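The block underneath contains the structure these notes are about, expressed in structure tokens.
The values are calculated or read from the model by the stated rules, or taken from the named source; none is laboratory data. These numbers were taken from a predicted model, which means no experiment stands behind them. So basically every Cβ, Gly included, is an ideal-geometry build from the backbone, and we count neighbours across all protein chains shown.
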């Protein structure tokens, strides 16, 4: 009898957390997904798929109904996950060293069809702020149920 296949890619999903003006730690990525009036189901599903497939397989495999990639490179380190057909656009970077990490830095629910270049700029600023005394990363808590 064959042993069951291990379907885990070994990749883990993280997000950035930052200190706000009051000295409290916040997770702007999770906070953006929790905005009232927008349901992040598609975003969460796509994030699970990226973790399940791992990197770079997710980049190669995830496509929309027209065969266009759902993951596109925005600069040297920042990637964009388009959560079509929902409004969500998720910016992340990849650490594929000893620990395989997909780290989400910015989420936006776009209201117009055109992509706003300032979103990629914001994602890069968050990435650049990850350092001792600045922002840090924490495990992303996928919703259950």
When (1) in a strand (DSSP E or B); (2) buried (at least 17 other Cβ atoms within 10 Å of the Cβ) are applied to residue 136, the one that fails is (2)
Over the range 39-61, the set of residues part of a helix (DSSP H, G or I), without any contact (Cβ under 8 Å) to a residue 60 or more places away in the chain and crowded, with 17+ Cβ neighbours inside 10 Å is 46, 50, 51, 58, 59
Selection from the range 97-124 of residues more than 23 Å from residue 85 (Cβ to Cβ), part of a loop (DSSP other than H, G, I, E, B) and either within 15 Å of the chain's Cα centre (by Cα) or modelled with pLDDT of 85 or more (or both) yields 98, 99
For the range 106-133 the number of residues that are surrounded by 12 or more Cβ atoms within 10 Å (Cβ to Cβ) and touching a residue at least 12 places away in the same chain (Cβ under 8 Å) is 15
Per the list (1) assigned to a loop (DSSP other than H, G, I, E, B); (2) under 13 Å from the mean Cα position of the chain (by Cα); (3) free of Cβ contacts under 8 Å to residues at least 24 places away in the same chain, residue check on residue 142 breaks on (3)
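Hey, can you tell me all the residues within the range 86-96 that are touching a residue at least 12 places away in the same chain (Cβ under 8 Å) and in a strand (DSSP E or B)? Please lay out each step first, then the result.
Filtering the range 86-96 for residues touching a residue at least 12 places away in the same chain (Cβ under 8 Å) gives 86-94, 96.
Result: 88, 89, 90, 91, 92, 93, 94, 96.
Looking at 69, 85, 36, 143, which one is touching a helix residue (DSSP H, G or I) at 6+ places or on another chain (Cβ under 8 Å), farther than 21 Å from residue 12 by Cα and exposed (fewer than 12 other Cβ atoms within 10 Å of the Cβ)?
Answer to the check: 85.
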